[in-house]
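My questions will all concern the structure given below.
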Amino acid sequence: MDLNSFSLLALWSATALYALALIAFALDLGRRSAEVREAAHAVDSAAAASAQSEATAQAGGGVAVKTRPAKPRSTEPAVRAQRSPSLRSAMALMVMGFLLHVAADVTRGIAAERVPWANLYEFVMTGTMLVVAVFLVVNIKVDLRYLGTFISLLVVSLLCMGTINFYVEVAPLPPALQSAWLVIHVFLATTAMGFLALGCALSVLQLIQARTEARRASLGELKLKFMATFPSAQRLENLAYRTIIVGFVLWTFTLIAGSIWAEAAWGRYWGWDTKEVWTFIVWVIYAGFVHARATKGWRGGRAAWLAIIGFATVIFNFTVVNIFFNGLHSYSGL
């Protein structure tokens, strides 16, 4: 087996582990829902027992002793990962999948004798690897394991699409890509994608949590019960903003590095190529997000939707633009 074949096998194995992690994360959501139902049942039982005790005491002419019912669970409790074998298993599977993913990426690069992101297949492989890397690293400081379902679903979907539809054999670099700026420019773009993916996931959960909190306040019930174990909508919004800021800074340097590389390769910093335009559109959307939230006081749903639209544009830029638009950046290899 040559290195390229080993890389492909390792990538499929990593995809399988990510898929198992997705199942484990989904089981954890079911466990969370069961916990919320049990807590609600305990509160109802305590309240019913208290009411019955009071009624019995009044009927007997005695003095009623009022017992205070248990307080319902907060919408922002600590995530008790140590009590969830499925969550621990999911994170372990993500780590093992990531190690195989790194092996696939490195061996592809060794087989090609260059960095492994010169065509669309390699970009998907490296980009998803960095999405998982950002997810795992950020979890060291901030507990974001509840995003596992979103991240694993995104990674499995992109890897399956990339491996089935975008795979190409190892090929030498086109002349325009034979530059050190290939390492800098594309690495910045893929790392930015990792942080923007986390920001999108947090924004989606923010919208769901905001509706959940509104429903709980008005009707006193939860439709998605596992959301009661997630942070509040305000906390999710703040985390999304902080994550997107990092991604936006990296994307800004992506634009700068791309312009410098374009001048070295084609003698101009900007040429309105399709890829250049869409990269700038992504930057404008996230610049608008940062500016509107910082100066115009955008909060809640409007900011979340802008973050989601921004990441959808990132995916469009990396897939549709590379496949269906011809230009100087048509390096999909297809």
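State whether the stretch 109-254 is rounded, prolate or oblate according to the following rule on the C-alpha gyration tensor (a ≥ b ≥ c being the square roots of its eigenvalues): a/c under 1.5 gives rounded; otherwise a/b larger than b/c gives prolate, and the remaining case gives oblate.
Taking the square roots of the gyration eigenvalues as a ≥ b ≥ c, the stretch 109-254 is prolate.
Something else now. Report, in debye and to the nearest 20, how large the dipole of the stretch 237-329 comes out about its Cα centre when Lys and Arg carry +1 and Asp and Glu carry -1 on their Cβ.
For the stretch 237-329, the charge dipole is close to 380 debye.
Would you please classify the overall shape of the stretch 177-251 from the alpha carbon gyration tensor, given that a ≥ b ≥ c denote the square roots of the eigenvalues, rounded means a/c under 1.5, and beyond that prolate means a/b larger than b/c while oblate covers the rest?
Values: a/c = 5.52, a/b = 3.81, b/c = 1.45.
Prolate is the answer for the stretch 177-251, as a/c is 1.5 or above and a/b outweighs b/c.
A further question on this structure: Go through A304, G288, T252 and say which Cα lies farthest out towards the positive end of the charge dipole of the stretch 246-331; charges sit on Cβ, +1 for Lys and Arg, -1 for Asp and Glu.
Of the candidates, A304 comes out farthest on the positive side.
Filter the GluC sites (Glu not before Pro) in the stretch 161-221 down to the DSSP loop ones having no more than 12 other Cβ atoms within 10 Å, then list what survives.
Values: sites: E169, E213, E221; in loops: E169, E221.
Here the GluC sites (Glu not before Pro) that fit, given the DSSP loop and packing criteria, are E169, E221.
With a 1.4 Å probe and all protein chains in place, put S5, S86, S203 in order of accessible area, largest first.
Greatest to least solvent exposure: S5, S86, S203.
Further question on the same structure: On a full-extension model of 0.36 nm per residue, what is the gain between W266 and L27, subtracting their alpha-carbon distance, rounded to one decimal in nm?
Separation in residues times 0.36 nm, less the Cα-Cα distance, equals 80.8 nm.
Here is a follow-up. Report, as a whole number in µm² per second, the diffusion coefficient that Stokes-Einstein gives for the stretch 209-334 at 37 °C and 0.692 mPa s using the Kirkwood radius over alpha carbon pairs.
194 µm²/s
Given a Förster distance of 35 Å, report the FRET efficiency between F325 and V183 from their Cβ-Cβ distance, rounded to the nearest 0.05.
Taking R0 as 35 Å, the efficiency between F325 and V183 is 0.90.
I need to check one value: relative contact order of the stretch 167-252, counting alpha carbon pairs closer than 8 Å and at least 6 residues apart, in percent. All intermediate terms of the calculation are to be shown ahead of the outcome.
Working: 60 pairs, mean separation 37.8, N = 86.
So the answer I get is 44 percent.
What does the extension gain come out to for L173 and V142, with contour length at 0.36 nm per residue minus their alpha carbon separation?
7.2 nm
What list of ³J(HN,Hα) values in whole Hz, one per residue of the stretch 256-262 in order, does the Karplus curve 6.51 cos²θ - 1.76 cosθ + 1.60 (θ = phi - 60°) give from phi, with Gly and Pro shown as x?
5, 4, x, 5, 4, 5, 4
Subtracting the Cα-Cα distance from 0.36 nm times the residue separation, let me have the gained length for V249 to R302 in nm, one decimal. Write down the numbers at each step before the final one.
On the way: separation 53, 0.36 × 53 = 19.08 nm, distance 2.13 nm.
Full extension of this stretch gives 16.9 nm more.
With labels modelled as points extended 7 Å from the Cα through the Cβ direction, what inter-label distance (nm, one decimal) is found for N4 paired with R242?
4.4 nm
Net charge within 9 Å of R299 by Cβ-Cβ distance, Lys/Arg positive one each and Asp/Glu negative one each, not counting R299 itself?
Once all neighbours under 9 Å are counted, the net charge is +1.
Still on this model: Using each residue's phi in the stretch 113-121, evaluate 6.51 cos²θ - 1.76 cosθ + 1.60 at θ = phi - 60° and report the 3J(HN,Hα) Karplus result to the nearest Hz, with x for Gly and Pro.
Along the stretch 113-121, the couplings run 6, 6, 5, x, 8, 9, 9, 5, 4 Hz.
To the nearest 10 square angstrom, what accessible area does L196 show with a 1.4 Å probe?
Accessible area of L196: about 0 Å².
Once each part is reduced to its C-alpha centroid, what is the distance from the stretch 154-182 to the stretch 307-324 in angstrom?
With the stretch 154-182 and the stretch 307-324 each reduced to a Cα centre, they are spaced 16 Å.
Can you send over the solvent-accessible area of I309, 1.4 Å probe, protein chains only, in Å² to the nearest 10?
90 Å²
Okay, moving on. If H101, H291 are ordered by their accessible area, calculated over protein heavy atoms with a 1.4 Å probe, which sequence runs from highest to lowest? Walk me through the numbers on the way to the answer.
On the way: H101 0, H291 105 Å².
Descending accessible area places them as H291, H101.
The values are calculated or read from the model by the stated rules, or taken from the named source; none is laboratory data. Predicted model, so just to flag it, every value in this text is computed and none were measured. Neighbour counts run over all protein chains shown; Cβ positions are idealised from the backbone, glycine included. Surface areas here come from the heavy atoms of the whole protein model, side chains and all, with no ligands, DNA or RNA. Shrake-Rupley method; radii C 1.70, N 1.55, O 1.52, S 1.80 Å.
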